[in-house]
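The values are calculated or read from the model by the stated rules, or taken from the named source; none is laboratory data. No experiment lies behind these values; they were computed from the predicted model shown. Because the Cβ atoms are built from the backbone with ideal geometry, glycine has one as well, and the counts that use them run over all protein chains shown. Quick note on the areas: whole protein, heavy atoms, side chains included, nothing else; ligands and nucleic acids left out. Shrake-Rupley method; radii C 1.70, N 1.55, O 1.52, S 1.80 Å.
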Amino acid sequence: TNNLLIYMNLLMVDFKILVISVAIVFILIGIIATIKLLLNIINRLQESVIMLKTEIKSSVQSKFLQISQDTKDFVELAIEVWRLERKINSLSDSIDDNKKKIMENSVHKLKGYLKRHDVEIREYHEEKYTEGMNVEILSVEQMDNLKWPMIKETIEPAIIVKGHFVNKAKVILLKNKK
(Lines give C-alpha, C1' and ligand atoms only; values in the text may rest on other atoms or scores of the structure.)
Protein backbone atom coordinates (compact mmCIF):
# COMPACT_ATOMS: atom_id res chain seq x y z
CA THR A 1 0.00 0.00 0.00
CA ASN A 2 2.86 2.38 0.67
CA ASN A 3 4.16 1.76 -2.80
CA LEU A 4 0.70 2.40 -4.16
CA LEU A 5 0.49 5.69 -2.27
CA ILE A 6 3.92 6.72 -3.49
CA TYR A 7 2.96 5.73 -7.02
CA MET A 8 -0.33 7.70 -6.75
CA ASN A 9 1.52 10.74 -5.35
CA LEU A 10 3.96 10.55 -8.25
CA LEU A 11 1.04 10.30 -10.68
CA MET A 12 -0.58 13.32 -9.02
CA VAL A 13 2.68 15.30 -9.32
CA ASP A 14 3.05 14.18 -12.95
CA PHE A 15 -0.60 15.10 -13.58
CA LYS A 16 -0.10 18.54 -11.99
CA ILE A 17 3.02 19.07 -14.09
CA LEU A 18 1.08 17.97 -17.17
CA VAL A 19 -1.78 20.36 -16.38
CA ILE A 20 0.66 23.20 -15.75
CA SER A 21 2.55 22.36 -18.96
CA VAL A 22 -0.69 22.30 -20.97
CA ALA A 23 -1.72 25.61 -19.40
CA ILE A 24 1.68 27.11 -20.26
CA VAL A 25 1.34 25.84 -23.85
CA PHE A 26 -2.12 27.43 -24.15
CA ILE A 27 -0.81 30.69 -22.67
CA LEU A 28 2.12 30.65 -25.13
CA ILE A 29 -0.26 29.95 -28.03
CA GLY A 30 -2.38 32.91 -26.86
CA ILE A 31 0.69 35.13 -26.58
CA ILE A 32 1.88 34.09 -30.06
CA ALA A 33 -1.57 34.74 -31.51
CA THR A 34 -1.68 38.14 -29.78
CA ILE A 35 1.78 39.00 -31.11
CA LYS A 36 0.73 38.02 -34.64
CA LEU A 37 -2.42 40.12 -34.28
CA LEU A 38 -0.40 43.09 -33.00
CA LEU A 39 2.11 42.73 -35.85
CA ASN A 40 -0.77 42.67 -38.32
CA ILE A 41 -2.23 45.81 -36.71
CA ILE A 42 1.18 47.51 -36.81
CA ASN A 43 1.58 46.65 -40.52
CA ARG A 44 -1.87 48.04 -41.29
CA LEU A 45 -1.09 51.19 -39.29
CA GLN A 46 2.18 51.63 -41.19
CA GLU A 47 0.31 51.27 -44.49
CA SER A 48 -2.29 53.77 -43.27
CA VAL A 49 0.44 56.24 -42.27
CA ILE A 50 2.07 55.92 -45.70
CA MET A 51 -1.29 56.47 -47.42
CA LEU A 52 -2.07 59.42 -45.14
CA LYS A 53 1.32 61.00 -45.83
CA THR A 54 0.70 60.59 -49.56
CA GLU A 55 -2.77 62.13 -49.28
CA ILE A 56 -1.48 65.04 -47.19
CA LYS A 57 1.39 65.63 -49.59
CA SER A 58 -0.88 65.61 -52.62
CA SER A 59 -3.41 67.91 -50.96
CA VAL A 60 -0.73 70.37 -49.82
CA GLN A 61 1.22 70.39 -53.05
CA SER A 62 -0.40 72.34 -55.78
CA LYS A 63 -1.47 70.63 -58.91
CA PHE A 64 0.63 71.94 -61.76
CA LEU A 65 -1.32 72.06 -64.93
CA GLN A 66 -0.37 71.47 -68.50
CA ILE A 67 -0.24 75.02 -69.72
CA SER A 68 -0.58 76.57 -73.13
CA GLN A 69 2.08 78.66 -74.80
CA ASP A 70 0.03 81.80 -74.10
CA THR A 71 0.00 80.96 -70.39
CA LYS A 72 3.75 80.31 -70.49
CA ASP A 73 4.18 83.74 -72.06
CA PHE A 74 2.12 85.30 -69.25
CA VAL A 75 4.27 83.47 -66.69
CA GLU A 76 7.47 84.80 -68.27
CA LEU A 77 5.98 88.31 -68.46
CA ALA A 78 4.92 88.17 -64.79
CA ILE A 79 8.38 87.06 -63.68
CA GLU A 80 10.04 89.81 -65.71
CA VAL A 81 7.63 92.45 -64.34
CA TRP A 82 8.52 91.28 -60.82
CA ARG A 83 12.25 91.49 -61.62
CA LEU A 84 11.85 94.93 -63.17
CA GLU A 85 10.00 96.21 -60.11
CA ARG A 86 12.74 94.85 -57.83
CA LYS A 87 15.42 96.45 -59.98
CA ILE A 88 13.66 99.83 -59.91
CA ASN A 89 13.37 99.62 -56.11
CA SER A 90 17.05 98.73 -55.74
CA LEU A 91 18.11 101.64 -57.96
CA SER A 92 15.74 104.17 -56.40
CA ASP A 93 18.58 106.20 -54.86
CA SER A 94 20.42 106.58 -58.18
CA ILE A 95 17.38 107.44 -60.34
CA ASP A 96 15.79 110.88 -60.31
CA ASP A 97 12.19 110.96 -59.06
CA ASN A 98 10.57 111.69 -62.46
CA LYS A 99 12.24 108.74 -64.18
CA LYS A 100 11.47 106.52 -61.20
CA LYS A 101 7.77 107.50 -61.31
CA ILE A 102 7.62 106.82 -65.06
CA MET A 103 9.13 103.34 -64.57
CA GLU A 104 6.89 102.60 -61.56
CA ASN A 105 3.86 103.67 -63.61
CA SER A 106 4.87 101.29 -66.41
CA VAL A 107 5.26 98.43 -63.93
CA HIS A 108 1.87 99.31 -62.44
CA LYS A 109 0.25 99.17 -65.91
CA LEU A 110 1.91 95.83 -66.66
CA LYS A 111 0.69 94.43 -63.31
CA GLY A 112 -2.82 95.67 -64.15
CA TYR A 113 -2.64 93.88 -67.49
CA LEU A 114 -1.60 90.67 -65.73
CA LYS A 115 -4.36 91.06 -63.15
CA ARG A 116 -7.00 91.48 -65.89
CA HIS A 117 -5.81 88.16 -67.29
CA ASP A 118 -6.06 86.54 -63.82
CA VAL A 119 -2.28 86.27 -63.38
CA GLU A 120 -0.96 86.74 -59.84
CA ILE A 121 2.64 87.17 -58.68
CA ARG A 122 3.33 85.59 -55.26
CA GLU A 123 6.49 86.44 -53.34
CA TYR A 124 7.49 84.80 -50.02
CA HIS A 125 10.15 87.22 -48.75
CA GLU A 126 10.72 86.92 -44.96
CA GLU A 127 7.74 84.60 -44.42
CA LYS A 128 7.67 81.67 -42.03
CA TYR A 129 8.44 78.47 -43.94
CA THR A 130 6.18 75.47 -43.46
CA GLU A 131 6.54 72.01 -44.99
CA GLY A 132 4.52 71.71 -48.17
CA MET A 133 4.75 75.36 -49.21
CA ASN A 134 4.66 75.86 -52.92
CA VAL A 135 8.34 76.78 -53.17
CA GLU A 136 11.51 75.30 -54.54
CA ILE A 137 14.36 75.73 -52.06
CA LEU A 138 17.51 76.66 -53.93
CA SER A 139 19.73 76.83 -50.85
CA VAL A 140 19.58 76.70 -47.07
CA GLU A 141 21.49 79.08 -44.82
CA GLN A 142 22.03 78.64 -41.08
CA MET A 143 21.33 81.37 -38.53
CA ASP A 144 21.29 81.51 -34.73
CA ASN A 145 18.18 82.10 -32.63
CA LEU A 146 15.46 81.44 -35.20
CA LYS A 147 12.16 80.28 -33.74
CA TRP A 148 11.21 78.59 -37.03
CA PRO A 149 12.54 78.34 -40.58
CA MET A 150 12.10 81.54 -42.60
CA ILE A 151 12.29 82.36 -46.26
CA LYS A 152 15.22 84.73 -46.51
CA GLU A 153 14.80 85.74 -50.12
CA THR A 154 12.62 85.07 -53.13
CA ILE A 155 14.80 84.51 -56.18
CA GLU A 156 11.81 83.98 -58.49
CA PRO A 157 8.16 84.43 -57.53
CA ALA A 158 5.39 81.87 -57.73
CA ILE A 159 2.96 82.58 -60.55
CA ILE A 160 -0.72 81.77 -60.18
CA VAL A 161 -2.98 81.75 -63.24
CA LYS A 162 -6.73 81.50 -62.75
CA GLY A 163 -6.17 80.28 -59.19
CA HIS A 164 -3.68 77.53 -60.13
CA PHE A 165 0.02 77.59 -59.36
CA VAL A 166 1.83 77.27 -62.67
CA ASN A 167 5.29 78.30 -61.48
CA LYS A 168 6.82 77.49 -58.10
CA ALA A 169 8.66 80.25 -56.26
CA LYS A 170 12.40 79.76 -55.98
CA VAL A 171 13.69 80.76 -52.56
CA ILE A 172 16.59 80.80 -50.13
CA LEU A 173 15.67 79.32 -46.75
CA LEU A 174 17.00 80.28 -43.32
CA LYS A 175 17.14 77.56 -40.64
CA ASN A 176 18.29 77.55 -37.05
CA LYS A 177 21.87 76.31 -36.53
CA LYS A 178 20.82 73.94 -33.76
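Some notes on this structure:
- V166 in a helix (DSSP H, G or I) and open to solvent by less than 30 Å² (accessible area, probe 1.4 Å): no
- Close contacts from the stretch 29-56, counting a first residue that is closer than 30 Å to G132 by Cβ and a second that is of a type outside the set (S, T, N, Q), with Cβ to Cβ under 9 Å and a gap of 6+ residues or different chains, come to I56/G132.
- With respect to the stated conditions, Q142 fails to be modelled with pLDDT under 85 and open to solvent by 50 Å² or more (accessible area, probe 1.4 Å).
- Leading residue by the ranking (most open to solvent (accessible area, probe 1.4 Å)) among those in the stretch 125-136 that are outside any strand (DSSP E or B), in contact with a strand residue (DSSP E or B) (Cβ under 7 Å, 6 or more places away or on another chain) and over 15 Å from K175 (Cβ atoms): H125
- Here F74, F64 are screened, and the one residue that is aromatic (F, W, Y), under 22 Å from Y124 (Cα atoms) and at pLDDT 85 or above is F74.
- Within the stretch 89-124, the set of residues being open to solvent by less than 90 Å² (accessible area, probe 1.4 Å) and touching a strand residue (DSSP E or B) at 6+ places or on another chain (Cβ under 6 Å) comprises V119, R122, E123, Y124.
- Only listed residue being in a helix (DSSP H, G or I) and modelled with pLDDT under 85, chosen from L28, L39, L5: L5
- Set I172, I155: member being part of a strand (DSSP E or B), touching a strand residue (DSSP E or B) at 6+ places or on another chain (Cβ under 9 Å) and open to solvent by less than 30 Å² (accessible area, probe 1.4 Å): I172
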